[in-house]
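Here is the structure we will look at.
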Amino acid sequence: MPWYDYLAYFFAGAFLTNSIPHFVQGACGNKFQSPFASPPGKGESSAMVNVLWGWCNLVIGAGLVRYFFPPLPPPLGLCIAAALGALVLAVLHANHFGKVRTNAPHP
């Protein structure tokens, strides 16, 4: 398996994980941090911006999986790469948003 397949799955896991908080918070009508806020990643963006940002991340992650999709079942290495991408981004989000968000989400 070429090295770039593992890299693609790593980023697919990261994009798919990033789509979850943005899409869910936006769909619930809550403001949430995004790269489009001021300051980026610390200020809050509207629910609509977060729904669209979450959806874009979902499409990119799914596109990477689809484009690099191996025959079923996927090799264990690719599953591990996707899981590591998801874990790395989830840990980074937990660390960052744990510091930025001091109150419960608000509509």
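Readers should treat all values here as calculations from the given coordinates under stated rules, not as data from a laboratory. All values derive from a computational prediction rather than experimental measurement. Here the Cβ positions follow ideal geometry from the backbone for every residue, glycine too, while neighbour counts run over all protein chains shown.
If the chain linking residue 38 and residue 3 were pulled fully straight, counting 0.36 nm for each residue of separation and taking away their Cα-Cα distance, it would gain 8.9 nm. What would the Debye equation give as log₁₀ I(q)/I(0) for the chain at q = 0.13, 0.14, 0.22, 0.24 Å⁻¹, counting only Cα atoms as equal point scatterers? Computed log10 I(q)/I(0) values: -0.51, -0.58, -1.08, -1.20. Here the Gaussian network model covers the chain, with springs between Cα atoms less than 10 Å apart; of 18, 57, 30, 30 fluctuates the most.
Taking amide hydrogens as placed 1.01 Å from N in the peptide plane, the amide H of residue 44 sits under 5 Å from those of 38, each at least 5 positions away in sequence or on another chain.
Of the trypsin sites (Lys or Arg not before Pro) found in the stretch 21-88, those in coil by DSSP whose Cβ has at most 16 other Cβ atoms within 10 Å are 42. For the chain, the relative contact order works out to 40 percent when only alpha carbon pairs closer than 8 Å and six or more residues apart are counted.
Considering only 58, 89, 72, the mean-square fluctuation computed in a Gaussian network model of the chain, springs between alpha carbons under 10 angstrom, is largest for 72.
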